[in-house]
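The values are calculated or read from the model by the stated rules, or taken from the named source; none is laboratory data. Predicted model only: the values in this text are computed from it and were never measured. Note: ideal-geometry Cβ built from the backbone for every residue, glycine included; neighbour counts use all protein chains shown.
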Amino acid sequence: MRDQKEHPYVPKLKQNFAERKIDRREFLRTSTLLGVSAVAAYEFAGRIEGRSLLPKASAADLPKGGHLRLGWRVPELDSPHTFAWGGSEFTRSTCEHLTRTGPDNVTRPWLLDRWEASEDLKTWHLHLRKGVKWRNGRDFVADDVIWNLQHVLDPNTGSSVLGLMKGYMMNEDGSAVWDANAIEKVDDHTVRLNCRNPQLAVPEHLFHYPLHILDPEDGGVFGVGANGTGAYEVVEAAIGQKVVIKNTNTHWWGDPVHLDSMEFLDLGDDPNAELNALISKQVHGVSELNVEQLPLLANIPHVQVYDVATARTGVVRMRVTEEPFTDPRIRKAMRLATDCGKTLELAIQGLGVKAEHHHVCPIHPEYAELPEMTRDPEAAKALLAEAGYPDGIEVTIDCKPDPSWEIAAVQAMVEQWKGAGINAKINSMPSASYWDIWDKTAFGFTGWTHRPLGVMVLALAYRSGVPWNETAYSNPEFDALLTKAEGILDVDARREVMAEIQALMQEDGPIAQPLWRKSFTAMDKRVKNYSPHPTLYYFADLLAIEPA
């Protein structure tokens, strides 16, 4: 076992970066995943490029105290390990994560002090940060981590974490953790993961938003007053109304926080409600802006607009266990009937990138460029006829109006599909209602957030039998290729496998995917130390607000 020594692949990684065979982003991400500290990785990159690449440090003179209000939807908070469409904004500052992936897409230790990976990526040592206590004064120890990992990997819990970890921590069928010693206590501050297969992204998986570290004494249930290691406590919560968090942890292990409290106000499905509240200074920030709202803020002097390139998207998802989508020819016909470029323009004014129906983004390091799959309604008609539908098909697509780009994308595609004999009715429902059925409906449109690696989103959404596999897609060839890709450190070699996966998704997969999008948000200029995250996460322990 190596103790704080370089992983054997790190020298090769440094050489590849020095020779410009990989870019800075790939070097920083992979070297930190292999246990190099972010400071050391940035310093090495800076020496090679002849400039400082260290992220800016927080200003020591940030204003102290104050109450920050954000416009944000408020779902149920009782079960963080099974969150599916939000909630982590309110719980992340109470029950923290073992790691934290920053706005630069670099993953750093958080409740962990460091980690070490074996040469074959099958053994990971997770070293807990010493001196961390729960708010009630109890020491944070390895048993707490082990309970949380066991809880999210219990199929009865229903956590999407199982989707990320199934390939290396679970039996082939996902029924249980693959070995009794898969999660092993070394000592009170060290946990060892003994994996069934190699895995390159364990630290990034530990920041998956439902993987909060909950107090085992709470049994996985969260609510007002719940214990945590974070600086803040949830002191008020009402579904669909608001959540208030307050700095109450006298045992907080980190740097002193700036805010006394934060309030998240649920202003409903109206896409302009948050915007109007920001303009009128009722809130200091919004969850997200729609592109058509950007001009409305151009001349608002107290507002700062932020944008960030992301792997955020929306997919037309077809449940492969429901007719007519059991037939892969029907699913491919849906893709061939879709004009991604026009949908991109109509839905988000072109402020993004055309997608290619395989859910791997050009900003993912392992993305493989394939020949473009263009709209071909005649080929789509031929596939429908071959599948037994010479007169086309009649379907209903479930979707939601918030954010507005989603319904705009659906409306654009519904018009395009008509040219291939696909007649779709639109069933737009409130967001909360859609999230009640998103993983059950036969035909719907689901928004997916950013993940730093393509293999991560594929594992969450399309691996056989995992909780977030909304399409019930199950393809042994896909699963085997994904597991193979997850264990390959060299990005060029991983890209070769990803090319096979992407082609398989275009031919057999369960989605039509029109676009990748930028994300936009806005803050009152009084809010300090905010950097837009690709997922638009907020970190309460970093933010500050100037007095009015």
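Where residues in the range 447-491 are within 18 Å of residue 314 (Cβ to Cβ) and among the polar types (S, T, N, Q), which of them is surrounded by the most Cβ atoms within 10 Å (Cβ to Cβ)?
The extreme case among them is 471.
For the range 83-181, which fully contained helices (runs of 4 or more DSSP H) count at least 2 residues that are free of Cβ contacts under 8 Å to residues at least 60 places away in the same chain and closer than 25 Å to residue 448 by Cα?
Once the helices (runs of 4 or more DSSP H) in the range 83-181 are filtered for at least 2 residues that are free of Cβ contacts under 8 Å to residues at least 60 places away in the same chain and closer than 25 Å to residue 448 by Cα, what remains is 161-169.
Is at least one residue of the range 299-309 in contact (Cβ under 8 Å) with a residue 40 or more places away in the chain, in contact with a Gly (Cβ under 8 Å, 6 or more places away or on another chain) and either over 28 Å from residue 440 (Cβ atoms) or not acidic (Asp, Glu) (or both)?
no
Looking at 397, 426, which is the one that is among the β-branched types (Val, Ile, Thr), under 21 Å from residue 328 (Cα atoms) and in a strand (DSSP E or B)?
Of the residues listed, the single one that is among the β-branched types (Val, Ile, Thr), under 21 Å from residue 328 (Cα atoms) and in a strand (DSSP E or B) is 397.
All but one of (1) of a type outside the set (Asp, Glu); (2) under 30 Å from residue 359 (Cβ atoms); (3) surrounded by fewer than 22 Cβ atoms within 10 Å (Cβ to Cβ); (4) not assigned by TED's automatic domain parsing to the domain that holds residue 507 hold for residue 279; which doesn't?
Result: residue 279 fails condition (2) only.
Could you check residue 150 against (1) surrounded by fewer than 20 Cβ atoms within 10 Å (Cβ to Cβ); (2) closer than 18 Å to residue 88 by Cβ; (3) at pLDDT 95 or above and say which number it fails?
Among (1) surrounded by fewer than 20 Cβ atoms within 10 Å (Cβ to Cβ); (2) closer than 18 Å to residue 88 by Cβ; (3) at pLDDT 95 or above, residue 150 violates only (2).
Checking the condition modelled with pLDDT of 95 or more and more than 14 Å from the chain's Cα centre (by Cα), which residue from 63, 109, 75 passes?
None of the others qualify; the one that does is 109.
Do we find that residue 379 is assigned to a loop (DSSP other than H, G, I, E, B), on the phi < 0 side of the Ramachandran plot and either in contact with a helix residue (DSSP H, G or I) (Cβ under 8 Å, 6 or more places away or on another chain) or modelled with pLDDT of 95 or more (or both) in this structure?
When the stated conditions are applied, residue 379 does not pass them.
Condition check ((1) assigned to a helix (DSSP H, G or I); (2) more than 26 Å from the chain's Cα centre (by Cα); (3) surrounded by fewer than 22 Cβ atoms within 10 Å (Cβ to Cβ)) across all residues:
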{"residue": "292", "(1), (2), (3)": "yes, no, yes"}
{"residue": "311", "(1), (2), (3)": "no, no, no"}
{"residue": "317", "(1), (2), (3)": "no, no, no"}
{"residue": "320", "(1), (2), (3)": "no, no, yes"}
{"residue": "341", "(1), (2), (3)": "yes, no, yes"}
{"residue": "357", "(1), (2), (3)": "no, no, no"}
{"residue": "369", "(1), (2), (3)": "no, no, yes"}
{"residue": "375", "(1), (2), (3)": "no, yes, yes"}
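Got a sec? Which of 70, 77 is part of a strand (DSSP E or B) and surrounded by 20 or more Cβ atoms within 10 Å (Cβ to Cβ)?
70
Since residue 295 meets every condition but one in (1) under 20 Å from residue 65 (Cα atoms); (2) outside the structural domain of residue 244 (by TED's automatic domain parsing), which condition does it not meet?
Condition (1) is where residue 295 drops out.
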